[in-house]
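Read through the structure below, which is laid out as structure tokens, and then see the notes.
All of the numbers you see were taken from the coordinates with simple rules; none came from a lab. Every value quoted in this text rests on a predicted model; they were computed, and no experiment measured them. Note that we place each Cβ from the backbone using ideal geometry, even for glycine, and neighbour counts take in every protein chain shown.
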Amino acid sequence: MLVIIVPGGVMTEKSIQVNVEKIREILDKNNGARIRTWLSICSRCGLCAESCLFYLANDRNPRFAPAYKVQRTLGTIYKKKGKVTPEFLMECYDIAWGECTTCKRCSLFCPFGIDIASMISLVRTICYSQGLVPEGLARTLPNYEKFGNQMAVSKEDLIETCEWMVEEAADYVKGVTIPLDVAGARYMYTINPREVMFYPQDLGMAAQIFTVAGESWTIPTSGWDSTNLAMFAGANELAGAVADRMYKKALELGVEAILITECGHAMRSAGYEGPYLAGYRNGRPPVPVVHSVQLFYEYLRDGKIQIDPAKRIDAPVTYQDPCNVSRNAGLWEQGREILKFVCNDFRDMSPNRHYNHCCGGGGGFIPMGGPFRKRRLRAGRVKAEQIRKTGAKIVVTPCHNCYDQLNDLNKEYDLGVRIVSLKELLVETMIVPDHLKPDSAGDERQEG
Amino acid sequence: MRCPVCGHNIESGKSFCRRCAWSILRTPDEPESDYNERLEIARRNWENLERCICQKEAEDIRKEHKILFCTDLYASSDYAFKAAVNLARECDAELIIFHVLESRHRYSGQIITADGETWATKEVFDRLKKSLTDYYLAKIEGQPVPRIRIEARSGVPWIEIIRKARKEKVDMIVMGPYSIRDPKNGFDLARPQHGETAEKVSLRAPCPVAIVTKPDQKLSLEQGA
């Protein structure tokens, strides 16, 4: 569906009018040594093809080879100096969002290290400038502007959900709280609005873990959404503002670091793409950014959280490396280390770590919804086969996007697995110290 | 008219105040002085009572009752609706008819409707509210329910039901036994089963939950609370 974004966030459909001047402006702005070199040195060797899940899932059709996709889109736009037809733009739209999750796996296999995902992102920016954005992404953009988060969650709803989850979590851990807007806390915990809207237990579980670990943390009531779908929509200016809102809140509260929930692209935005988008020329966030995988690993390593040996999981477990956490943020070992504490039978996928395949739901694919569903599930065949080969019964992933996609793949390919987050695993297996055990639980134990 | 003891509005046709139980009808042949004395005592007692009870309890006394009826849009909810209507009449409560359009993808703004998967637009909600109004208002037999509100949201049904119950501070949630996730098994009323929604709501709700499985089940707030 074609969606035109106009000021104020109202969306209407109409035929595409190519604004060549605007495309040239974007081309000129990005026509640095980097893009020029990448486009000119690609030798069409095809090594990137085998790395791409779309290529593998579509019977090795050369049309899905990353090098082809980028030459067909950005390469042609540069050659034609922006003078392209509406039909061609539509094709670019289709390739940029429907045939690439910007997972960056192909860059690892390119002998020249060409960053194809960045060039596909540029194609998305060009499409966005012409009003071409998948509806699912376009619908979130006004929400970022109006509510400060992608799902239009009001401040009142956030606070109410936190209160609700504190009440629930208190059944398991005494004295549990979700501190809001606490200046000087160690971590500003930023979350995915999906947690408030669809999965509030995630907040409750985080509160339990942080309370047991004795952490100093806070959730801000603004700038709390660490996701950045504007980044995937090609709306770079808005994407920068979204990331900057979070940085500014962290500076205002004077926290030591921004802690990212179990979300992949939130790490990509906050940790290493957001700074550029927000105009920090050194590419570093003004406040250090830490992902939950890292912190949870440190808790276990340092003994702040201890696992009950009786609760260690016997069922075979595998780990889904989210592209933006493992490959792109370098946190592939931390997740595995956590699983060593928690599971008795860990089985890695092959390939794994930074070479792991994207689940097929990244790059904005899941929020793009129904119109892209068929292609998403087809692309996920590679991941489904990887999981099946491990024989695992539990798939752990520290990414909301992977979580949803794996649940869909579980049904589509009849995998018979349970998908869990690290928080779920930790809450199920950790030891709650005696002084934090709820009073009623103590009474029951005594009676029993 | 206003109650001379607590100031609460006494509905027309009622002979006593619903808040403090003061009877506005005088005892036959009661002298004016005796009545005034009795009124003065009642006022003092009410003041003392108001001072004693904490603010929250006072709010509870003053607040209007609310019944949250949750429908899955299947016939399985009809018995629950009948029970909710009777209860609302019985305790002069506001009846909130509530439906949640399920989001299949927790990330996407798409929802599942009778016409398939679509975006959660205002038009979709307006259409849904209209069909809820047409369907349920036609089902009310006998006396009308004092106050009815029809609301719809999108999301995960059990989460939105509990969120609504917390926000509205409802006195009771009334629903059928089935889950919208399992519509295929949702029609056999002779063999009621707990669906995921009913199960999670009953486990986590902040108020009593009535899962109605029989056509003539009666509910009461006093017993429920």
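Here are the numbers for this structure:
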read-out: Nitroxide proxy distance, nm - points 7 Å out along Cα→Cβ at A:ASN61 and A:ARG186; value: 5.1 nm
read-out: Taking B:GLU30, B:GLU196, B:GLU102 and counting other C-beta atoms within 10 Å, the order from fewest to most; value: B:GLU30, B:GLU196, B:GLU102
read-out: Relative exposure of A:SER350, B:SER76, judged by other C-beta atoms within 10 Å (fewest first); value: A:SER350, B:SER76
read-out: Flagged links, alpha-carbon separation over 30 Å, of B:LYS122/B:LYS200; A:LYS155/B:LYS169; A:LYS340/B:LYS164; A:LYS174/A:LYS248; A:LYS79/A:LYS374; value: A:LYS340/B:LYS164; A:LYS174/A:LYS248; A:LYS79/A:LYS374
read-out: Within straight-line cross-link reach of B:LYS214, aspartates and glutamates at Cα separation under 13 Å, skipping those fewer than 8 residues along the same chain; value: B:ASP78, B:ASP188
read-out: For residues of B:156-163, the mean tally of beta carbons on other chains within 10 Å; value: 3
read-out: Burial ordering of A:TYR297, A:TYR199, fewest other beta-carbon atoms within 10 Å first; value: A:TYR199, A:TYR297
read-out: Cut-off under 5 Å, modelled amide H: who pairs with B:HIS65 long-range; value: B:GLU94
read-out: Cross-link partners of A:LYS104 among lysines (Cα-Cα below 20 Å; sequence separation of 8 or more within a chain); value: A:LYS69, A:LYS383
read-out: FRET E, pair B:LEU137, B:GLU117, Förster distance 30 Å, beta-carbon r, rounded to 0.05; value: 0.60
read-out: Counted charge near A:ARG327, where neighbours are those whose Cβ lies closer than 10 Å (Asp, Glu -1; Lys, Arg +1); value: +2
read-out: Fraction of antiparallel bridges per DSSP, the protein assembly as shown only, in percent to nearest 5; value: 20 percent
read-out: Karplus 3J(HN,Hα) series, Hz, for the stretch A:130-145 with 6.51 cos²θ - 1.76 cosθ + 1.60 (x for Gly, Pro); value: 9, x, 9, 8, x, 4, x, 6, 4, 5, 7, 5, x, 5, 4, 6
read-out: Normalised contact order of the stretch A:152-297, rounded percent, pairs of Cα under 8 Å and 6 or more residues apart; value: 24 percent
read-out: Per-residue average of Cβ from other chains inside 10 Å of A:369-375; value: 4
read-out: Total formal charge among the other residues, if their Cβ is under 14 angstrom from that of A:ALA239, Lys/Arg +1 and Asp/Glu -1; value: -2
